[in-house]
Amino acid sequence: MPRIDWVADADATGDVAEIYDAWRMINPGRERVPEILKCFSARPDFLRQVIDMSNGVHFQDGHLTYRTKEMIATYVSGLNRCNY
């Protein structure tokens, strides 16, 4: 059970629904928005900024490739026994 109250995909309305739909559009094949992003759903303005930042920083090649960043994130999530 989450300790942060967030908006579930099926319950999203208004700005949150628009943001969730936009996220799904740029992530084809992924039906559900990750819970790590849903943590910000109480503040749709901030959620939008978090998604924009992660798309611009994490999901782009830079000093490290996108693939390398994903491998590091996956490894850290495994160490933390994270369900994401």
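In sequence order, the stretch 35-52 has phi-based couplings of 4, 4, 7, 4, 4, 9, 5, 5, 10, x, 4, 6, 4, 4, 5, 4, 5, 4 Hz under the Karplus curve 6.51 cos²θ - 1.76 cosθ + 1.60, θ = phi - 60°, and Gly or Pro positions carry x.
How many Å³ per residue does the convex hull of the Cα positions in the chain occupy? Could you put the intermediate results ahead of the total?
Working: hull volume 8.9 nm³, N = 84.
Enclosed volume per residue, from the Cα hull, is 106 Å³.
Over the chain, dividing the summed -39,500 (n - 2.57) contributions of all DSSP H runs of at least 4 residues by the number of residues returns a 222 nm mean residue ellipticity of -16500 deg cm²/dmol. The C-alpha atoms of the chain define a longest principal axis, and helix 66-79 lies at about 80 degrees to it. By the beta-carbon count within 10 Å of each Cβ, the least crowded to most crowded order of 58, 63, fewest first, is 63, 58.
We did not get these values from a lab; they are worked out from the coordinates using the rules stated. All figures in this text were calculated on a predicted structure; none of them were measured in a lab. FYI the Cβ positions are ideal-geometry reconstructions off the backbone, even for glycines, and counts take in every protein chain you see.
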